[in-house]
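First up is the structure itself, then whatever we jot down about it.
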Amino acid sequence: MNPSTALARLFEWPRLQLANLPTPIRPLRRLPGALGHPSLDLLVKLDSETGFALGGNKVRKLEF
């Protein structure tokens, strides 16, 4: 079996969703002012919202 055939067969398998992805990115509205830079835009990525006890790159890799 050549690599392209193997890859095609891999994508035929159903995927199992282990996490709620992509996780949201939200602005931190009050922190820039508290740091003395009110015009600064700070964002946070909420990986804590991936789901129960799961998160990070490991879960993304396991979904295949």
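Couple of notes before you dig in:
- Taken over segment 45-64, residues that are of a type outside the set (A, V, I, L, M, F, W, C), assigned to a loop (DSSP other than H, G, I, E, B) and either touching a helix residue (DSSP H, G or I) at 6+ places or on another chain (Cβ under 9 Å) or modelled with pLDDT of 80 or more (or both) amount to 4.
- Residue in segment 1-12 that is part of a loop (DSSP other than H, G, I, E, B), out of contact with any His (no Cβ under 9 Å at 6 or more places or on another chain) and at pLDDT 90 or above present: yes
- Some residue of segment 25-44 being modelled with pLDDT of 95 or more and among the polar types (S, T, N, Q): yes
- Within segment 1-30, the residues that satisfy the criterion of being without any contact (Cβ under 8 Å) to a residue 12 or more places away in the chain and closer than 29 Å to Lys58 by Cβ are Met1, Pro3, Ser4, Thr5, Ala6, Leu7, Ala8, Arg9, Phe11, Glu12, Pro14, Pro22.
The values are calculated or read from the model by the stated rules, or taken from the named source; none is laboratory data. If you're wondering where the values come from, they're calculated on a predicted model, not measured in any experiment. Ideal geometry is used to build each Cβ from the backbone, glycine not excepted, and the neighbour counts take in all protein chains shown.
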